[in-house]
Every structure is written in C-alpha cells, then in structure tokens.
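The values are calculated or read from the model by the stated rules, or taken from the named source; none is laboratory data. What you see is a predicted model; the values in this text were computed from it and never measured. For neighbour counting, all protein chains shown are included, and Cβ atoms are generated from backbone atoms with ideal geometry for every residue, glycine included.
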C-alpha cells in the first residue's frame, strides 16, 4: 500500500517524485508500464494535464490508474482548459477515487500546443486555483454551497527560481504560500546557488513548506543551448554545457543522467531542499538509472 | 463654366522631326475645353514668351497647356509668364514631348505626343490656383554648441551681418569634447576672444534647449539657463555640438596593456600634453602609433596621427613607427602631410591584421606582420599612442528627437542628402555642422561652415520667404485627427490644432512644408489635398492615356 | 479605439460572389484611424473588386461611400439612395457598424469586409496594440494602469506565469514585454508594490451580461 | 480605356523624371509604351493611383523613386516600395497574373538605368504573357 504523499512530506528527509506523461490516444498500456516501473522507486507520480497544450489522455484518468496499481498519484490541474465549474467537478471526481494530491499550475498557452485555435480558458489563475482547492477542502464550493462530501487535498504548486526578472515571480510565490501549499515543485534547476537563494526566500516566508527541485536531464550541449534560448524559465550554466560538449558521441544520455544524479546527490547531501521531482519526458524508462546513480535506490 | 484652355505647342526650333505638329495641333483642338491651339518654335525665347502673354490676355484663357521640352527646364519661366498675363502660375500643365517622346524614340511618334498632350490637358482642367505669400522672417540665427565648429559658424554668420546666438551647455566655450585636434594654424583662443568681442554675437553658456517649435524663419526656441526658461525667435538653427573620442576598445591585448602599463599607452590628447610639457631627459626614444586598425575610415585618427607623428619626430627626434592598414588620405592636404611625415623618417608598417600588443619589462611591445617585408616586425616602444574613435556627444540624441531629425547608424546627425544638401536636415531651417554630423577633420568642418553660411544666407538674407499658401492642405471637415500625417511628415511640418469648430484637426505649416505629398498619400480619410498633385489630377492623366 | 483589419480578399470575394452591384461603405471613425476602413481603404477595396471582376470577365459595379459613424442609424440614412440601387453592401466598419447597417437596411445583404480585432491604441505609425478587453470589471486601479486581462497572454490576475522569458518578455511573444513585469516595474517605481502582493479573487466573468446593454443613469 | 501594353511610370521629380529626360537627351531609346506621370516624390504615389492605372488597362506600373537612403523626403521612396509591393499582392489576390507593379530606385543622373527599367518591365510583361 502506497504511503500518502502528505505523510511522506512530513516524515521523509528527501522526497523523490517523478513525472508521468499520459499518451495521446485511448490506449494506456505504455503509461501502465511506466507506472509499474516507477511506482515503487519513487514516492509519488505526478501526472501532467495536457502538457505543453498538447491534447492527451486526461491527467485524472492516469491518476486513477496509478491508484489502481497501488501507486501514489499527484494530479496536475492547469487553468487553461476548464472553467471553475469543470475544475471543481474534476477535483470532486478525483478525490472520490482516492486521488488526494493536487498540483496547481497556470498551464501553457495554447499557442505552443497542437490545438492552436482552441479557446484558452484561464477563468482562474494558479493562485485562485489554490484558494479553490482549499474551498473544496472546507466542504464548500466556490459559490459557497455546502458539498455532500468535501475533499481533503494535499496542495502543491510550481515556481521558477531562475526567472529573469525574479522579483515578480517571487511575489507570486508569496501569494501562493499565503493561499496555502504543502509543497513547491520547481521548474528545472541547474544552478545550485540559484536553488539555494530560492529555498531561503521560501523558508523565510513559510518554514513548513517542502521544496522539491525540478530535475530535467540535459542530454547534449546543443539541447542545452536550445533550452537556454527557447525554454522560458530555464538557465543552464556554461560549465554544464561545456561538460556536455566534451562528451563523446552516443553517450549524451548517460552524461545527462550523470549530471542530474550528481546534482541530486549534492542537493540531498547539503540539504539544500526537501527532495526532487524528476522529469525525463519520453525516457521514463531511464528514470531508475538516475535514481541509482544518485544513490536513491 | 467651361474652361478656356490654351494649348501652346513648341517644336523647339524644329528640334523634333519625328512629330507631325500639324496633326498634333488638330488633335488638340478637338478636345473639350480647348479654345486655342498655337504652334511656336521659340516659346522659351523673349519673342515666344511675349507672344504667350498676349495670347493669354487676348484669348481670355484661364489655363494653359504647353507641349514642349521637359518641365524641369522651363516650367518656372512659363509660370512667370502666366503670372505676368494675370493668371495664377499653378494653372499650367506641361506635356514633355521632347525629352520623353521625340528624343526618346526612333521613328514617327505623333501618336505618343498626342497622348502626352491629352494627359496634360486632362490634368490642366482640374488645376486650381495656388496663392503665394511673402512671409517676413527673423534673421537671427541660433548656433548650438561651443566648440570650434560652433564658434567658426558664429563668426562667419556675424560676418555676413546675421545676428547670432551661441548656446553652449558648458560654462565656457571651447572646452567641450573633440577639441584636442591641431587646428592647422587656427588659434582657438583668439577665435573665442573674437566671438566674445563681436557685438553681433550673443554667447549663452550653461544653457540648454528645452523645446523647439515653428518653421524656418520663425522658430521659437525655449532655452533654460540657471533654472529659468526664456523663449526666443530665430530664423534658422545650426547644430554644431561636435563629437567626443574614445580609445578603441580594440584588440583585447591592448586593453590589458593599458591596464598593466598605463604610462606606456596614451591617447592623442595625452601625447599633445606631453609634447608641450615633457622635459628633455624624459623624451621617449621610440614612439609607436596605432592607426586605422579599428576603423579604417576615421579621418580624425588619420589626421591626428600624421600631425602628432610629425611633431614627435621634429620636437623629440624619436624613432616613430606607425602601425596601420591603409592610410586613407582623402581629406584635403592629408596626402601632402603623409608624404612629409614619411620624408622626415616616420616608418609606416603596413599590417594585414591587428598587431599584438604585449607588455615586456614594463614597456609596450608591438608585434605585427609587415605586409611588404612579409616578415614579423617586433618593436618595443617607450610610448604607444592608441587609436581613438569618434563618438557622438550625449546631447546629440536628445536634440535629434527634439528637432525631429534623424541620426545615422553611428548616432551622428544624418544629412538630408549627403551629395545634394550636405548640411541640411530634413527639417527646413535646421542645419548641421562638423563633428555632430560625422565630419571630424578641420578641412571638412570649414567646408561645412561655408556651406551652412551660404544656406542660412539664402534662407534669411532676403528678409522674407515666399511660400505657397495651402498648396498642401488638410480639409478640417474630413480630418479625423488620427495623427497619421503628423507621424509620417518628414519635415515636422504638421501639427494638431484646435480648429474653428472646436475640434482638433491636423494643420500644415506652409513655411515648413516641403511639398512631398507623403501625407496626402497616406491619409486614411482622404482629407489632404496637394494642389497640382491631387488624386483627381493624377488620375485624369492616367484616364487620358490611350 | 476599435481596431480592425481587412479580411483576406478571398473571403470578401466569396461573400459578394453572387452580386453585381455593390456599395463599398466605409466608416469615418475608429476604422479610419486604424487604416482599415476609411475613405482611402474604401477606394482601394472597390478598385480591387473591379479588377477582380474584370479578370473573371464579370462586370462588377461599385459605389463608394463613407459615413462618419456606421454604428449610428441616423448617419446611415444618407446612404439610403445608394443602398437601394445596389445588390449588396460591403461594410468596412467594425462589427457594430456592420450590424447597424444590416439592421437599418434589412432587406439588403450586408457583409463585413474587415475583422474587428480589439480595442487598442497606436504604439507608433501603423502599429496598433490591444489595451482593453471590455471585460466590464476594470482592474487598472490595482495594476498600475496596465491591463493584465488582455496584455497578459493568459489574462492572469495574480502575477506572471512561470514562462516569462529572459529580460521580462512574454512566453508567447518574445518581442512583447510580459504584462506582469511591466506592472511590477511601474508599481515599484511608484512605491506601490503592496498592491501586487494583494490576492486578487477570481474575476466576475459575467460583469457584463451578454449581450451587453447599458442605460445611462442620467437623463 | 487605354490600350493594352501601356506602362505607367510614376516618376519622382528628383530622380526618375530627370533620369528620363537625360535618357532622351542622350537619345537612348526605350519602348514607346511608357507614359510618365511626374510626382514630387515617390511617396506621393498612393495605392489607389497604381490600382486605378491597372483598372484603366495599364499592363504595368513602375514607380521610380530615389535610391534608398537618398530620398529628399526621407521615407518617401521606402513607403512607395511597400505600396508597390502591396499593389502587386493585391493583383495576385484577384488572379491577375499577367500584369505587374514594380519599384525602381534610381539617381537623377542614371539615364541608362531608366532605359533598363523600361526595357526590363516590357520584358517582364512578355514573360508573364508567355508563362501560360
């Protein structure tokens, strides 16, 4: 029986979660493989919600599957695709099926996805979404109606420690903390000092909130340069790029895993934050290698 | 009332053999509104013009078409004739049957000539008179800046009797940047003294411009001195704000060398200081110069280097090496100077790439590949004069946007047209001189000064400007005050004004307007009419083809 | 001001394909100012339609007219004679103008020739940017006079998303400033950053009941 | 209605027009189908002028303005360039493939360039005619 994330966050020194991305189509067999592979190796599996605005199998569906396979799911909810009615309804459904962790995000713009002409909703933003979850937790809906059976979600959210400028982001983090979150999962971080500064900022405001550093292995110097240039909120230091550049051909993935593992190890040893969240999209099967290299297995 | 159009056809003294003028005249006579057609051979000569004047009067013509040579040649003469005959000069349309028809084609071109004539007649029917007006102008000139170019301009303007105000932001004249150059025998001190003595020149120091409004002959400039603002009228404004220089950021090695050995690498200005102060025992034995390696077109560096190399050689007797790429000597007198410099023993080392500058035992060592020797040359200098590049002074940009004039890619004022109107800005009545427009050598600055004095004189000395009244005009009833014309006018000639009815509309200043028609073309409400080039006048010509 | 832009020619031609005689009607207010539907654009469109007709061997007759505001019935009255003489009207006004025209001349087909895009202002000559989403619930008091509802690509009310690009540019359009960075900088300059720290509750998406209708309070 | 094959040339009085005059003075010959309309600046030429020329049967419209960077009115020639491009697009939009709008930047002292522009435009028209 999986231990609830809420418990783990309270008791475990170093929490490890991983991302599970639903596929495109009604078949879930591949996702089930990943669930089977990872559910006992990490503390929770975090399921994306139409990630990058690309239409996929629903997050809540995979969360229920994880639950059925005796894993611990985290339901990602973005504000892009549903208005306040739909979000509340989905949350009630998830909770009724035992999915009781929710990660509140803004969501990417439809412009980056595969349905570029879709109407983007953003009826709520991520701060308002956090408030909404707490409203449901209190047994009421947003309109103030009593619910026949409320919820008790463990609420998390995201943050970007390497944003430029950082101050407006920090103000938003502050608002999220005031709205009430148990954990913060960061955007991919490569610069330990940046992460340190961020955790210090958060802990000053709320010493109880747990911070999971985002880990996305980079598997080549070119990819790193591309990410620096094109992926907002990511900044890969030059020494990492240099290290990747010196890697012989064909060993990029191994190197990426090595760098990621090294960083996880350092984070853990120096107690910089409370855990990591590993995102190795499309290469979920290699996540165990990272865990092993980082000494987490 | 039906128009009374007189058509005058000139065969240019039988200079157009491939046109059947009889047929041409018959075709013209059949066109509606044409009351008389006359053939001539000497329309532009005294006889012809006299005949034209009497014809207009006798036939009671109200507009005239002339089919002859290019309007570029004689249109203004013919317009004068119309005025003499009591017709407005704008009621003339010309068919260019000579340059653009008879001379441009082989064989019989009567049909094309007839076509051109029809086009001109189509247009002339729609022409309207444009009145002229004498506009009295202020003959005072404002010169902005306090350096060499500003002072020379002021002295010359005063010399031709124009009252001039020099406005300098610094507390004293001649202390601004870019003033270190050898002035070719011109003594700046005595020039300043002369300006200060000159009763025709007002000097305002610690002064800045707060705003500029108006048009040529009638600018209102608000100036700020000691926190107080005063507004004054000027007829013309000359920007002479000069430039500043910086040692080139150049090869990285040079920067290091400058840090390590600050005594060994100097600027031209520092060198000039040393030349006048250094005692005999401290004279450097070997002096190097870097030239045109960062910017091969910098006349400023070329002149400074040649002059100073010569001075070093003659006053100190040092060994002098100039590391250069191509010494460009296109400024007046520069080639002679270059020869002189060589002849007195200065060595020019032509390098194909930037030399390596290092520090060796506290001395600067320059290593370069000599193109002619095909070998490396290494010279340890006691003194290395670094290359300097000119940059615009800070206020260039501020003044540029205040005056509505463009800057070029280097941040200097951009000439209206470097070949045709070298010291003009796109704003009539505003001129540039010297360093602020990218002319850094003294000879060119002096040329600029002469050009600007000529231009200002041409503008202001008659005491008034003749302007066309509402040649380009905004119809206030149609104007939707969208500001498009104000944003696009290249000459800052349009303003938003509260018109009689109490609403805002664009109004074009006759004085500032240069009659380009850019506004008339872009107006989304079709509210701007350009007499002579109105839409219907242009379209009538197209309609008449064929 | 309302901003619009001309529809693709293909679409306009499809609209008016069955008709021979067409009134091309401009509007002298917003769409004139934004270069989409003033007298000048009317002339150009009519000319292009005539050329289109002639290239197809079909005669297209165009009438041209521009009224001060097509969204005013009274101002449309002057077009009555012209409208009666044509088979269809092609309106270059915003959606409000097209509908007023279509309502006023009910038995005539009226087609839009522009797409009405947003409420905006000219940033410089020929460039218009969206400024207001007409949400009916103005937030500008809390955001230093910068509207996050339309100037933030996601319309977020509590701060920037995580996608802000280096230098404070928008995730979606790297050329545009992130609206929240603009808000942050302005409030910081005014020493009013506390405003940004305040929680902003979900917006009343029904502040204007569609279709919107406002009665002036005063007579 | 004007005859087919006519080229309407809007000539800036500071560049295209004097260049055409000079061509005549040098007896440099070019096709007769050119009709010059003198304008004070290429920037005066508006989209509607070009479109009307096509409506009236012109096969080509050439706008001759100053060389880029040398316009007496700063942006007149670059605006003309954009308008010409826009007109050409509008022709294509309505399926007119055999006529064309062309921008030529020219100096007043470039008569040969003027002749080349006239000849080339005629050639473009021929090519377009044959393209089908």
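Tabulated data
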| item | result |
| --- | --- |
| Count - residues of the range A:92-128 that are part of a loop (DSSP other than H, G, I, E, B) and either away from chain C (no Cβ under 14 Å) or at positive phi (or both) | 9 |
| Selection count, the range B:506-517, where residues are farther than 16 Å from residue B:213 by Cα and in contact (Cβ under 8 Å) with a residue 40 or more places away in the chain | 3 |
| Elements of type strands (runs of 3 or more DSSP E) contained in the range C:71-134, each with 2 or more residues being at pLDDT 95 or above and within 20 Å of residue C:17 (Cα to Cα) | C:88-91, C:110-112, C:114-124 |
| Residue D:57 being surrounded by fewer than 23 Cβ atoms within 10 Å (Cβ to Cβ), more than 19 Å from residue B:518 (Cβ to Cβ) and more than 9 Å from every other protein chain (Cβ to nearest Cβ) | no |
| Scan of the range A:254-291 for residues that are in a loop (DSSP other than H, G, I, E, B), in contact with a strand residue (DSSP E or B) (Cβ under 9 Å, 6 or more places away or on another chain) and closer than 14 Å to residue A:218 by Cβ, ordered by number | A:279, A:280, A:281 |
| Scope the range A:202-225; condition more than 17 Å from the chain's Cα centre (by Cα) and within 14 Å of another protein chain (Cβ to nearest Cβ); matching residues | A:205, A:225 |
| Number of positions in the range D:8-18 that are touching a helix residue (DSSP H, G or I) at 6+ places or on another chain (Cβ under 7 Å) and surrounded by fewer than 24 Cβ atoms within 10 Å (Cβ to Cβ) | 1 |
| Residue check, residue B:456 surrounded by fewer than 22 Cβ atoms within 10 Å (Cβ to Cβ) and either in contact with a strand residue (DSSP E or B) (Cβ under 7 Å, 6 or more places away or on another chain) or part of a strand (DSSP E or B) (or both) | no |
| Residues (surrounded by fewer than 24 Cβ atoms within 10 Å (Cβ to Cβ) and either facing chain D (nearest Cβ under 7 Å) or modelled with pLDDT of 95 or more (or both)) located in the range B:534-546 | B:534, B:535, B:536, B:537, B:539, B:540, B:543, B:545, B:546 |
| Residue check, residue D:77 within 11 Å of chain B (Cβ to nearest Cβ) and farther than 30 Å from residue C:11 by Cβ | yes |
| Only one of B:374, B:429, B:438 that is assigned by TED's automatic domain parsing to the domain that holds residue B:187 and over 30 Å from residue B:274 (Cβ atoms) | B:429 |
| Output for the range A:9-28, where each listed residue is under 14 Å from residue A:42 (Cβ atoms) and buried (at least 21 other Cβ atoms within 10 Å of the Cβ) | A:9, A:15, A:16, A:17, A:18, A:19, A:20 |
| Among residues of the range C:1-43, those that are in contact with a helix residue (DSSP H, G or I) (Cβ under 6 Å, 6 or more places away or on another chain), in a strand (DSSP E or B) and closer than 26 Å to residue D:53 by Cβ, counted | 4 |
| Conditions (1) outside any loop (DSSP other than H, G, I, E, B); (2) surrounded by fewer than 21 Cβ atoms within 10 Å (Cβ to Cβ); (3) at pLDDT 85 or above: number failed by residue B:409 | (1) |
| In the range B:488-505, residue nearest to the other protein chains (Cβ to nearest Cβ) [restricted to those that are surrounded by fewer than 21 Cβ atoms within 10 Å (Cβ to Cβ) and either in contact (Cβ under 8 Å) with a residue 40 or more places away in the chain or in a loop (DSSP other than H, G, I, E, B) (or both)] | B:503 |
| Yes/no for residue C:207 being in a loop (DSSP other than H, G, I, E, B) and either free of Cβ contacts under 8 Å to residues at least 12 places away in the same chain or at the interface with another protein chain (Cβ under 7 Å from one of its Cβ atoms) (or both) | no |
| Residue among B:6, B:13 that is in contact (Cβ under 8 Å) with a residue 12 or more places away in the chain and more than 16 Å from residue B:91 (Cα to Cα) | B:13 |
| Some residue of the range C:129-145 being farther than 19 Å from residue C:208 by Cβ, in contact with a strand residue (DSSP E or B) (Cβ under 7 Å, 6 or more places away or on another chain) and free of Cβ contacts under 8 Å to residues at least 24 places away in the same chain | yes |
| The range C:171-187 - residue that is at pLDDT 95 or above and within 9 Å of another protein chain (Cβ to nearest Cβ) and, of those, surrounded by the fewest Cβ atoms within 10 Å (Cβ to Cβ) | C:185 |
| Test: residue in the range B:470-487 that is without any contact (Cβ under 8 Å) to a residue 24 or more places away in the chain, in contact with a strand residue (DSSP E or B) (Cβ under 8 Å, 6 or more places away or on another chain), assigned to a strand (DSSP E or B) and over 30 Å from residue B:297 (Cα atoms) | no |
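Results for (1) farther than 20 Å from residue A:90 by Cα; (2) part of a helix (DSSP H, G or I); (3) in contact (Cβ under 8 Å) with a residue 24 or more places away in the chain, shown as yes or no for each residue.
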site: A:3; (1), (2), (3): yes, no, yes
site: A:26; (1), (2), (3): no, no, yes
site: A:45; (1), (2), (3): no, no, yes
site: A:55; (1), (2), (3): no, no, yes
site: A:63; (1), (2), (3): no, yes, yes
site: A:66; (1), (2), (3): no, yes, yes
site: A:70; (1), (2), (3): yes, no, yes
